[in-house]
Amino acid sequence: MYDNLLTRFLTYVKIDTQSDASSMTVPSTQKQVDFAKRLLNDLEEIGMSDIEYNESNGFVTATLPANTDKDVPVIGFIAHMDTADFNSKNISPQIHEYYDGKTILLNEEQDIRLSPDDFPNLNNYVGQTLITTDGTTLLGSDDKSGIVEIFSAMEYLIAHPEVKHGTIRVAFGPDEEIGVGADRFDVDHFKADFAYTIDGGPVGELEYESFNAAGADIHIKGKNVHPGTAKDKMINALKLAVAFDNELPQEQVPEKTEGREGFFHLVSVTGTVDEANMSYIIRDHDRDEFEAKKKLITAVADKLNASFDEERISLKLKDQYYNMREVIEKDMRPVELADKAMRRLSIEPDIKPIRGGTDGSKISFMGLPTPNIFAGGENFHGRYEFVAVESMEKATDVLIEIAKLAAE
């Protein structure tokens, strides 16, 4: 039914669009700009209208005009162009038709295997067509799957004018993986009543609750003295970093939490005896618990500083995004519509909180309720990433069904 879906996906994932957290440009990498301009041409080819690239925020937007006179809400579909911080050069997608449920040899030379023993989720895809990596890169299904699903849905609606729908707006944005892509999204220009990010995992995912999120950057000033004469003089910045981490709740870390449980995640530590830097992300679904975690990490810095005659630990806290449920629960139309669309297609909605965030987390707080819908991929951000063609087709079906239902 979607003749161009697989071809488009294989073409797009081979294009390196990795973002760069250290960059100060928007988008953070030129390769995202180049990809955005490729999307402009492709949107024109399929017959979309109002096609634009916004140089100030890096978003590509376009419109599918309504073909009904009914008063129908304007719906937005959004996906991101960038890929995560894992090798994204020379991506070589591998196609495995009629997957037999056994271990897949991704790379014979390096003996890299995708095994159901390690990834039991593979058992859900027996008999389907899987697309994997060659074991040396990520795949980029996050979120090239979302992009091609939006394209395929728009192509279908354009080719089938008998399917009535309201105005549909689409947007493809940069830098979601580094958490800044949606910061400059122009909600007023987008002119949608509500939207969806197509950026979830397996079939059925429907998410309107995300983490509250903050980042903590810590600088530790030590005092380096020759170890032979260091007694009562040396202050080892690296040891202070260890002490800092030990003061935080050791059970509240990603590897020991699930569901709605929040965490402190030590992302990086660099340094020497003389100075060190630490970076944390702080996450919790509950706003009060989130604020308590920020107070705790501040209290740890204050406690350790109190043992010295000058400040040795400086802490910078920055909120990154908030739980989009606070906004969406005030207008549940997009959730109810997606739920109904999935059920009509015999897809059981899997409604649960995201242990992460999407562009919708920020966009919702800009005044545009934006829950998240599955895009089909699994094992994101690494060499074991894969997606089933059938999952991408089902995601496309859901987008079309949402458009149809809204116009009924």
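The values are calculated or read from the model by the stated rules, or taken from the named source; none is laboratory data. Treat the numbers as computed from the prediction; the structure is a model and nothing was measured. Every residue, glycine among them, receives a Cβ derived from its backbone with ideal geometry; neighbour counts consider all protein chains shown. Just so you know, the surface numbers come from the protein's heavy atoms only, side chains and all, with ligands and any DNA or RNA stripped out. Shrake-Rupley method; radii C 1.70, N 1.55, O 1.52, S 1.80 Å.
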- Query: Inside region 58-101, can you point out the residues that are in a strand (DSSP E or B), open to solvent by less than 20 Å² (accessible area, probe 1.4 Å) and not aliphatic (A, V, I, L, M)?
  - Reply: Thr61, Thr63, Gly76, Phe77, His80, Thr83
- Query: Which residue pairs have Cβ atoms closer than 6 Å, lie 6 or more positions apart in sequence or on different chains, and pair a first residue in region 163-176 that is more than 16 Å from Thr370 (Cα to Cα) with a second residue that is crowded, with 24+ Cβ neighbours inside 10 Å and among the hydroxyl-bearing types (Ser, Thr, Tyr)?
  - Reply: Asp175/Ser19
- Query: Would you say Tyr156 is among the hydroxyl-bearing types (Ser, Thr, Tyr), within 23 Å of Glu401 (Cβ to Cβ) and under 22 Å from the mean Cα position of the chain (by Cα)?
  - Reply: no
- Check off (1) free of Cβ contacts under 8 Å to residues at least 24 places away in the same chain; (2) surrounded by 13 or more Cβ atoms within 10 Å (Cβ to Cβ); (3) more than 22 Å from the chain's Cα centre (by Cα) for Arg344 and give me the number that stays unchecked. (1)
- Item | Pairs with Cβ under 8 Å, 6+ apart, first in region 115-130 and under 11 Å from Glu378 (Cα atoms), second charged (D, E, K, R) and open to solvent by less than 30 Å² (accessible area, probe 1.4 Å) | Phe119/Glu378; Asn121/Glu378
- Item | Conditions (1) out of contact with any Gly (no Cβ under 6 Å at 6 or more places or on another chain); (2) over 16 Å from Asp142 (Cβ atoms); (3) surrounded by fewer than 22 Cβ atoms within 10 Å (Cβ to Cβ); (4) not hydroxyl-bearing (Ser, Thr, Tyr): number failed by Ala407 | (1)
- Item | Selection count where residues are touching a Leu at 6+ places or on another chain (Cβ under 8 Å) and open to solvent by 30 Å² or more (accessible area, probe 1.4 Å), scope region 220-230 | 0
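Filter region 215-234 down to the residues that are within 29 Å of Phe263 (Cβ to Cβ) and either part of a strand (DSSP E or B) or of a type in the set (D, E, K, R) (or both) and list them by number. Give the derivation first.
Pass one, region 215-234, residues within 29 Å of Phe263 (Cβ to Cβ): 215-222.
Hits for region 215-234 are Gly215, Ala216, Asp217, Ile218, His219, Ile220, Lys221.
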- Enumeration of residues in region 183-200 that are open to solvent by less than 10 Å² (accessible area, probe 1.4 Å) and modelled with pLDDT under 95: Gly200
- Among the listed residues Thr25, Thr61, Thr17, which satisfies the condition of being more than 19 Å from Gly135 (Cβ to Cβ) and free of Cβ contacts under 8 Å to residues at least 12 places away in the same chain? Thr25
- Do we have Ser28 as outside any helix (DSSP H, G or I), buried (at least 17 other Cβ atoms within 10 Å of the Cβ) and within 22 Å of the chain's Cα centre (by Cα) here? yes
- Query: Arg283 fails exactly one of the following numbered conditions: (1) in contact with an Asp or Glu (Cβ under 7 Å, 6 or more places away or on another chain); (2) modelled with pLDDT of 95 or more; (3) open to solvent by less than 70 Å² (accessible area, probe 1.4 Å); (4) of a type outside the set (Asp, Glu). What is the number of that condition?
  - Reply: (1)
- Item | Positions within region 361-381 being open to solvent by less than 10 Å² (accessible area, probe 1.4 Å), small (Gly, Ala, Ser) and more than 19 Å from Pro202 (Cβ to Cβ), in sequence order | Ser361, Ser364
- Among the numbered conditions (1) surrounded by fewer than 18 Cβ atoms within 10 Å (Cβ to Cβ); (2) within 20 Å of Ile198 (Cα to Cα), tell me where Arg8 comes up short. (1)
- Task: Report, by residue number, each residue of region 147-162 that is without any contact (Cβ under 8 Å) to a residue 24 or more places away in the chain and either crowded, with 24+ Cβ neighbours inside 10 Å or closer than 25 Å to Lys362 by Cα (or both).
- Result: none
- Task: Would you mention how many residues in region 329-375 are touching a Ser or Thr at 6+ places or on another chain (Cβ under 6 Å) and either at pLDDT 95 or above or basic (Lys, Arg) (or both)?
- Result: 5
- Query: Pick from Thr358, Thr298: which is in contact (Cβ under 8 Å) with a residue 40 or more places away in the chain and either open to solvent by 30 Å² or more (accessible area, probe 1.4 Å) or under 24 Å from the mean Cα position of the chain (by Cα) (or both)?
  - Reply: Thr358
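I'd like the full set of residues that are among the acidic types (Asp, Glu) and touching a helix residue (DSSP H, G or I) at 6+ places or on another chain (Cβ under 9 Å), limited to region 287-333.
Glu311, Asp319, Glu326, Glu329
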- Determine if region 107-130 includes at least one residue that is acidic (Asp, Glu) and in contact with a strand residue (DSSP E or B) (Cβ under 7 Å, 6 or more places away or on another chain). no
- Task: Only residues that are open to solvent by less than 40 Å² (accessible area, probe 1.4 Å) and either touching a residue at least 60 places away in the same chain (Cβ under 8 Å) or in contact with a Lys or Arg (Cβ under 6 Å, 6 or more places away or on another chain) (or both): list them for region 238-258, please.
- Result: Leu240, Ala243, Phe244
